[in-house]
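The values are calculated or read from the model by the stated rules, or taken from the named source; none is laboratory data. Not measured: the values here are computed from a predicted model. A quick note on method: Cβ atoms are made from the backbone with ideal geometry, for glycine too, and the neighbour counts reach across all protein chains shown. These area figures cover heavy atoms from the full protein model, side chains too; ligands, DNA and RNA do not enter into them. Shrake-Rupley method; radii C 1.70, N 1.55, O 1.52, S 1.80 Å.
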Amino acid sequence: MKLSLSAAAAPGLELEALDAACRARGLDGIELVVAPAGDGPTLAARVRASRVRVVALRAERLDDSTAGSLAHLSGELGVPASAPLDEVTRGSLPKLVRVFADAGGTLLAGFGTDLEQVIAATAALERAGVPPSVGLAWDLRPSSEDLSSSGAVLLAARRHLRLVRLYGGGPEQHQQDGRGIGPLLVDLAISGYGGPIVLTPSAPAELPRWLAWLASRKSAGCGSAHPSGEHEVDVRDVEPKDRLGTILGAFRALPLGATLRITLDHDPSCMYYALEESEPAGTFSFRKIGDGPEVWGAEVTRRAPGAAAS
Amino acid sequence: MSTIELDIRIVPPREKHPAIFRTFDALGEGEAFTLINDHDPFPLRRQFEATRPGQFQWTYVEVGPVVWRVLIAKSAA
C-alpha cells in the first residue's frame, strides 16, 4: 500500500509545495488532477523537472477529444490515469483500450462500492480480452456509501484493481463514522493489494481543513486535547499519533494519589499497555469505563513507587 | 518476503486495533504482514504479548520520525 494524496486536496498549492507537504506527512506521492483542457506536454515536463513523486492522474471528464492527451500524459509519466466509470463507459471501450495502449498509458475506470456495477465493469473488461492498458480504480466514499458489501466488491474487482481512492481520511478521519474502513483495509491487505491508496477530500467544504492539515504536522486543524475539568482529558479531537503523548503528559503531571479521567473514541486498552511500557512498575492503576461503541473512558490513578496497587 | 501491507494511518481510531488483530489472525503460520503507522506502535507490541504470547515476532523495519513500519510475523508452531 502506498498512501498518497490527491492534488484535489490543495488546488492552490504548487506541485513542489504539495510534494514537500506529503513528505512531511509520510505520504508516498501525489495524484495529479488533470483539467479537461490541460496542456499535457507542459505538465509532463514540469513534473519531470520538479522530480515530484506522481503516482497517478485523475480526470473527472473523459471524451474523445481529451482521451488522447490523457493517454499521452499517462504514458509519458508512466503512471495510470483514473476517470469515473460513467465517463469511461460512455465512450467506446475498444477505442479507449487502443488509444491508451498506443500511448503506453493506462486508464482506470473508477467504480463505487456497488456490486452490480463492479460485476458489469469486470465483465466488460473480460469481454475486451483483459487489455493491460485498462483496469479499475475504487472510488471509495465511506461517509456516503454502505461498506457492508465491500468484501464482495473487492472479490469481484480484485483481478483488475490497480488504484484505491479514498474520499476522506486525513483531517476528516477522526470525525468520520468510518465504520467499515478497518475491515475493508484488512481485506485489501490480505488480498495482497500493494498499489496506491489516494486520499482526497470528500467535499469542497472540507478544503480549508486539508490545507491546515498539510501545513502542519502537529495537530493544527485537527483539534487539540481539551481539559474538561481538573485531571480530565478528552483526546477525541487529537490526532491518533499525538494521543499517547497527551495522555502520558497529563498522567505525569498528576499529584500522587490523584486520578486522571480520560475520554476517547476507541477502546482504551492500548493506553494501559502504553503506560505499562513507559511507566515504572506499580506507579499507576488503570480502570476502563464503559465499552463504546462511540465513547470510551478510563481512569488512571498515580501511585507512589513501591506503594501497593489497588 | 511478505506482500501483505496494512497502512493503519487511514483507519479510524476505534477500528485500528481490531483491524491489526484481524489481519494477524488471518495469517498462516510463518506468514507475516507489514504494519505502517504514523507513530511508534509499542503499546500494540505489549498488547500482542498479553493476548498472543509466543505467537508472533516483531521486527522494526522503519523507525520514524514520520513513518514506522513493523514486520509482524506469526510464529510457526
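Which one of the conditions (1) open to solvent by 30 Å² or more (accessible area, probe 1.4 Å); (2) within 33 Å of the chain's Cα centre (by Cα); (3) modelled with pLDDT of 90 or more; (4) of a type in the set (D, E, K, R) does residue A:234 fail to meet, given that it meets all the rest?
(1)
(1) away from chain B (no Cβ under 14 Å); (2) touching a residue at least 60 places away in the same chain (Cβ under 8 Å); (3) not hydrophobic (A, V, I, L, M, F, W, C): which one isn't true of residue A:195, the others all being true?
(1)
Go through region B:1-65 and tell me which strands (runs of 3 or more DSSP E), entirely inside it, have 3 or more residues that are more than 21 Å from residue A:245 (Cα to Cα) and more than 7 Å from every other protein chain (Cβ to nearest Cβ).
B:56-63
Could you identify the single residue in A:260, A:244, A:264 that is away from chain B (no Cβ under 14 Å) and either out of contact with any Phe, Trp or Tyr (no Cβ under 7 Å at 6 or more places or on another chain) or open to solvent by less than 20 Å² (accessible area, probe 1.4 Å) (or both)? Write out each step before concluding.
On the way: A:244 fails: away from chain B (no Cβ under 14 Å); A:264 fails: away from chain B (no Cβ under 14 Å).
Exactly one residue qualifies, and that residue is A:260.
Out of the residues in region A:25-41 that are open to solvent by 40 Å² or more (accessible area, probe 1.4 Å) and of a type in the set (Gly, Ala, Ser), which is modelled with the lowest pLDDT?
Among residues in region A:25-41 that are open to solvent by 40 Å² or more (accessible area, probe 1.4 Å) and of a type in the set (Gly, Ala, Ser), the one modelled with the lowest pLDDT is A:37.
With respect to residue A:105, is the statement that it is open to solvent by less than 10 Å² (accessible area, probe 1.4 Å) and closer than 13 Å to residue A:134 by Cβ true? Spell out how you get there, then give the answer.
On the way: open to solvent by less than 10 Å² (accessible area, probe 1.4 Å): yes; closer than 13 Å to residue A:134 by Cβ: yes.
So residue A:105 passes the test.
Kindly provide the set of residues from region A:159-171 that are open to solvent by less than 10 Å² (accessible area, probe 1.4 Å), within 14 Å of another protein chain (Cβ to nearest Cβ) and part of a strand (DSSP E or B), ordered by number.
A:164, A:165, A:166
Quick check on region B:35-55. Is at least one of its residues of a type in the set (Ser, Thr, Tyr) and within 13 Å of the chain's Cα centre (by Cα)?
no
For region A:240-264, which residues satisfy the criterion of being of a type outside the set (Val, Ile, Thr) and more than 22 Å from residue B:37 (Cα to Cα)?
Matches in region A:240-264: A:250, A:251, A:252, A:253, A:254, A:255, A:256, A:257, A:258, A:260, A:261.
Tell me the residue from A:98, A:58 that is surrounded by fewer than 23 Cβ atoms within 10 Å (Cβ to Cβ) and modelled with pLDDT of 95 or more, please.
A:98
Pull out all pairs, ordered by first then second residue, where Cβ-Cβ is under 6 Å, the residues are six or more apart or on different chains, the first lies in region B:38-62 and is more than 12 Å from residue B:24 (Cβ to Cβ), and the second is open to solvent by 70 Å² or more (accessible area, probe 1.4 Å).
Between residues of region B:38-62 that are more than 12 Å from residue B:24 (Cβ to Cβ) and residues that are open to solvent by 70 Å² or more (accessible area, probe 1.4 Å), the close pairs are B:42/A:277; B:46/A:277.
Conditions: (1) more than 19 Å from residue A:196 (Cβ to Cβ); (2) open to solvent by less than 10 Å² (accessible area, probe 1.4 Å). Residue A:123 meets all but one. Number of the miss?
(2)
I'd like to verify a number: residues in region A:173-187 that are open to solvent by less than 10 Å² (accessible area, probe 1.4 Å) and modelled with pLDDT of 85 or more, how many?
Selection size over region A:173-187: 5.
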